[in-house]
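The structure under discussion appears below in the form of structure tokens.
The values are calculated or read from the model by the stated rules, or taken from the named source; none is laboratory data. Worth saying up front: this structure is predicted, and the values here are computed from it rather than measured. Note that each Cβ is placed from the backbone with ideal geometry, even for glycine, and that neighbours are counted across all protein chains shown. Surface accessibility is based on the protein's heavy atoms, side chains included, excluding ligands, DNA and RNA. Shrake-Rupley method; radii C 1.70, N 1.55, O 1.52, S 1.80 Å.
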Amino acid sequence: MIGSEEKKSRIKTIVRACRLIARMSKGRPEVLESHRIYYQMLADYYDRLLNAQEEGEFVAAHTIFFPVEILYAMDIVPMHTELTAWMTALFSGSYADLLSTSAEVGLAPEICSPYRVLTGALAAGCLPRPNVMLWSNLICDNSAKGGEPVMDMSGCSGFFLDCPFQQTDYENRYLKEELEDMIYFLEKQSGRKMNWDKLSDNIAQSDRQIELYRKINELRQTVPSPFPPQDFLKLFTVDCFFAGQPEATNYLETFHQELLETIRDGRGMASPERFRVMSIGMPPVLLLGAIEKVSLEYGAVSVADPFFCNWGEGRLDPQKPLDSVMKKISMHPVMVMYGPLDERLLDMLINCAKQHKIDGTINYAHVGCKQGAATIKIVKDVLNEIDVPMLILDCDIIDTTIAPEEEIREKLRQFFELLEDR
Amino acid sequence: MKALGIDVGSLTTKAVILDDDGILASSIVSSGDEAELSAKAALEQTLNQAGLSFDDNLYIISTGVGGKSISFSQQQKALTTCLARGSHYLFPSVRMTIEMGAESSTIIKVNERGRLSDWANQDKCAAGSGIFLQQMAKLMEMSLADMAQLSFKAKSKADISSTCAVFAESEVISHVHRDPPTPREEIVAGIYFSVVSRIMSLCKRVGIEKDVAVTGGVALNSGLVRILEEEIGFGVMVPDIPQIAAALGAALVARENIEKGIK
């Protein structure tokens, strides 16, 4: 078993790397200030986690798309399980080891790789031991099962937040009761009381943040696109880690301002911008640089990521914080994409393609995602109807042995040649 | 300036030279360890046939798995782009081409202008490829041509796995050694059906659309093509030399580039 110092060293690697990136970004005019803020935020997040136990703080591990506003309102230190496992793997270059460790504890390669990495990281003792585990069915079967290994391996107690897919009055009442039960559980476990005023403040911040996400997304409609294609991942991470926190608002406001300035200067990410691409699903994170490089060779820029950037309609009301938490869950882009596959989703995709003047779509078909796989053909047919071709790029978010870099590059080249030929 | 296309495949390398009237010369040579040498060999053979030499003014486009390694081509193009051009040139009514090569199968959709509109390919498993058929022929101790002829006599087909080449091989062995053994023609028909069922799932992924052409070395196998036609529900078009469709397409792209003045 890995000792507490070694566990710390993995998290320290993330902190050190993020601090270094933030420091090196300072004072360099070619690097956006938002980039520096982002990495400083990550460093601070992991620094707090690193020292949490020694400082007597209460740590709650939680799966993806969890309403962290509640944790921050209770002064509980959050630990995002999937993203922390990813970052441990990415920053320490150990994703292959962690996948291999997960295989040793019995996880089949067909299981979604972020969850395999998470289990591998837990089995290898790379993650700090949380005080409690919170998990939910947001947004797939893997996250619904994601809490059990954490509890087994960490020996902590946990709470499963059962989140209905539909949003009728009955189901909303059910979700509200679930949230109330979770707060009761957390109060009992942590000995801390929910600070409802603080939750209201967090909701007010989240409402502003959603407004900024929408504004940023709108700016991506500009030709040429001012948006660095990989930055969708930052937006995604900021919501996962810092929803409702003032530093997230600061980051988004800075980024929004930078995009406005880029547009004002008439600058774009590709020069010339020949193809505007919509990306569906999560690209292989280790190959993001290679994907961007091939894309730019053809003047192709990803200008829309509806899975991560298309927030649903509505506002949050700080006076009704718990209702707003529920509302936010239903508005989340991933909930819109992975919720019930209905006309709402298909219309949204068509509108997104039209508004962003899309030439082609790349569907990153993560092999471990059964829900995503079920939607591929329907989405492709719908986009074909509006003459937007779609590349189905079979790949894995983390495991590059499923679809190696050269294979990804080749398929992208073929797709961009297809767009060139039209 | 002459337009020339080279398709460097895993088993064979093909070259085609065009003139104003169409295909001036073509050749097929075995691919060696080095793509560059194979491409040079195919080029040399084709140039000899056409009475040309390396010193003539040539515009070369390379494609295929080894296409990117060719130093003397002006440009590299994806196999799918070239296949679309080549099959449309051979059969202007074609809307879908099934390329069955040595190591992979590619299905492309072609629009009325001979441009690629969609594709799907299978390159993760030997099942469904030309090399798989060669292995099966070895196992059955007969030539590929004899296998094709034998398949026409089959009244039914043996069950052979379509998902894994290794399982398929052990299934064939078990059919051969069964008591009484499964009739050889039924085993062959089963092998072909397993290949075709993989191809059909790819075709359905992009949507089957008439007319359909079949290219690549496996298209020479009349027994397999017959089973493919049965499964697809209508007749397919097979060019006289199906292996050169992508090289022809590459030559057509080269000709377009010459006309557009692209260096």
Would you mind working out the accessible area per residue for the stretch B:93-238, using a 1.4 Å probe, and quoting it in Å²?
-> 43
What list of whole percents do you get for P(r) of the stretch A:197-421, with Cα-Cα distances grouped in 10 Å bins up to the one holding the largest distance?
-> 8, 32, 36, 19, 4, 0
Of A:Val150, B:Gly67, B:Val225, farthest towards positive along the dipole that unit charges on Lys, Arg, Asp, Glu beta carbons give the protein assembly as shown | B:Gly67
Leaving out ligands, DNA and RNA, calculate the buried accessible area for the pair A and B with a 1.4 Å probe, summed over both sides, in Å² to the nearest 100.
-> 1500
Over 22 Å between Cα atoms, which of A:Lys411/B:Lys77; B:Lys77/B:Lys263; A:Lys370/B:Lys157; A:Lys215/A:Lys354; B:Lys2/B:Lys210; A:Lys145/B:Lys204 qualify?
-> A:Lys370/B:Lys157; B:Lys2/B:Lys210; A:Lys145/B:Lys204
For B:Thr13, residues with placed amide H under 5 Å, excluding near neighbours | B:Val29, B:Ser30, B:Ser31
Shielding score for B:115-125, defined as the mean number of other chain Cβ atoms within 10 Å = 4
With a 1.4 Å probe and every protein chain left in place, work out the accessible area per residue of the stretch A:197-421 in Å², rounded to a whole number.
-> 36
Expressed in whole Å with the largest first, what are the equivalent ellipsoid semi-axes of the stretch A:242-347 derived from the C-alpha gyration tensor as the square root of 5 times each eigenvalue?
-> 30, 20, 13
Rg followed by Dmax, in Å, when the stretch B:93-238 is reduced to its Cα trace | 15.1, 55
Gain in span if fully extended, A:Ser9 to A:Ile386, counting 0.36 nm per residue against the direct Cα distance | 130.6 nm
Could you give the spread of the C-alpha atoms of the stretch A:362-416 along their three principal axes, from largest to smallest, in whole angstroms?
-> 34, 27, 10
Could you check how much of the accessible area of the stretch B:49-153 is carbon and sulfur, as a whole percent, using a 1.4 Å probe?
-> 49
Members of the stretch A:392-422 that become less accessible by 40 Å² or more once partner protein chains are added (1.4 angstrom probe, chain alone as reference) | A:Lys411, A:Gln414, A:Glu417, A:Leu418, A:Asp421
Nearest 10, in degrees from 0 to 90: the angle of helix A:4-25 to the longest Cα principal axis of chain A is 40
For the stretch A:4-194, with equal point scatterers placed on the C-alpha atoms only and solvent neglected, what are the log10 I(q)/I(0) values from the Debye formula at q = 0.18 1/Å, to two decimals?
-> -1.23
How long are the three semi-axes of the equivalent ellipsoid for the protein assembly as shown, computed from the Cα gyration tensor as the root of 5 times each eigenvalue, in whole Å, largest first?
-> 52, 30, 23
For chain B, just run the numbers: alpha carbon Rg, then divide by 2.2 N^0.38 Å, N being how many residues it has.
-> 1.04
Among the Cα-Cα pairs of the stretch B:17-115, the proportion with separation greater than 21 Å, in percent, is 40
Over every pair of different alpha-carbon atoms in the stretch A:1-102, take the mean of 1/r and invert it; report that Kirkwood radius in Å.
-> 14.9
For the stretch A:174-188, 3J(HN,Hα) per residue [Karplus equation, 6.51 cos²θ - 1.76 cosθ + 1.60, θ = phi - 60°, Hz, x = Gly/Pro] = 4, 5, 5, 5, 4, 5, 4, 5, 5, 4, 4, 4, 5, 4, 5
If you project the alpha carbons of the stretch A:158-203 onto the principal axes, what extent comes out on each, in Å, largest first?
-> 32, 26, 12
Which order do peptides A:326-336, A:368-378 fall in by mean Cβ count within 10 Å, highest first?
-> A:326-336, A:368-378
Shape descriptor, the stretch B:92-141: equivalent ellipsoid semi-axes (Cα gyration tensor, sqrt 5λ, whole Å, largest first) stand at 29, 11, 5
Report, in degrees rounded to the nearest 10, the 0 to 90 angle that the Cα long axis of helix B:165-177 makes with the longest principal axis of chain B.
-> 40
